[in-house]
1. Say the dipole of the stretch 8-143 comes from +1 at the beta carbon of Lys and Arg and -1 at that of Asp and Glu; which of Leu58, Phe72, Val120 then lies farthest toward its positive end?
2. On a straight-distance basis, which aspartates and glutamates could pair with Lys43 in a cross-link, Cα separation under 12 angstrom, same-chain partners fewer than 8 positions away excluded?
3. Could you pull the Rg and Dmax for the stretch 1-72, using just the Cα atoms, both in Å?
4. Within a Cβ distance under 14 Å of Ile117, other residues only, what is the Lys/Arg minus Asp/Glu net charge?
5. Rounded to the nearest 20 Debye, what is the dipole magnitude of the stretch 5-119 about its Cα centre when Lys and Arg each give +1 and Asp and Glu each give -1 at the C-beta?
6. From the helices alone, meaning DSSP H stretches of at least four residues, give me the mean residue ellipticity at 222 nm for the chain, per-run term -39500 (n - 2.57), in deg cm²/dmol to the nearest 500.
7. Starting from the Cα of Glu38, step 7 Å toward the Cβ, then list every residue of the stretch 95-138 with an amide N under 16 Å from that point.
8. Which whole number of Å³ per residue matches the convex hull of the alpha-carbon atoms in the chain?
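Please treat every number below as a calculation from the coordinates, not as lab data. This is a predicted model, so every value here is computed, not measured. So basically every Cβ, Gly included, is an ideal-geometry build from the backbone, and we count neighbours across all protein chains shown.
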Amino acid sequence: MVLSSSIIRTRIKNGTLGIDPFAEESLQPSSYDLRSAEDITIKKGELTLVPTMEFVSLPEDLCATLWGRSSFGRKGVVLGAGYIDPGFRGNLTLCMVNYGPEDISVTKGMRVVQMLIHTVEGKVENVYDGNYQDSYGVVKSKI
């Protein structure tokens with residue numbers, strides 16, 4: 001099940017979901033738009049790592065998927081990865097590839113991807129505690 005805007009807002013307020021800083025204008029009917037933490041150019045034909053402004057904290061009963069926003073997709077930008085495990089905490093590093101004909105400018109605070117938040121059925125045996133836990137800013141691959 002995907003969380004609705006009212007459930008996302010309630011869980012932010014009661015502390016059972018962390019999105020900091022939270023922006024009401026980023027809250028969509030059943031998703032939250034994550035914003036770029038800095039000014040970046042996504043160059044045509046290249047992969048660009050884009051840090052999110054938001055520090056996301058997922059409890060063990062939630063996971064999330066990331067989807068590229070259609071406004072970027074229409075320019076040829078696609079998202080290269082997009083799953084967040086229960087227990088993850090940190091800024092997200094977005095892997096964005098520009099297949100379009102021109103460079104794309106991203107400004108700090110621009111909404112760049114949609115985060116759909118899902119409930120996890122059953123008990124999670126081990127929450128995320130991997131290489132990217134408590135990340136800040138862009139984090140390059142650790143493999």
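1. It is Phe72.
2. Within the straight-line cut-off, Lys43 pairs with Glu102, Asp103.
3. Computed over the Cα atoms of the stretch 1-72, radius of gyration and Dmax are 13.6, 43 Å.
4. On the way: positive: Arg9, Arg11; negative: Asp33, Glu54, Glu60, Asp61, Asp85.
That works out to -3.
5. Values: 12 positive and 13 negative charges, 45 e Å.
The calculation lands at about 220 debye.
6. Helices in the chain give a 222 nm mean residue ellipticity of -2500 deg cm²/dmol.
7. Of the residues in the stretch 95-138, 95-96, 105-110, 135-138 have backbone N under 16 Å from the label point off Glu38.
8. Looking at the chain, the number lands at 104 Å³ per residue.
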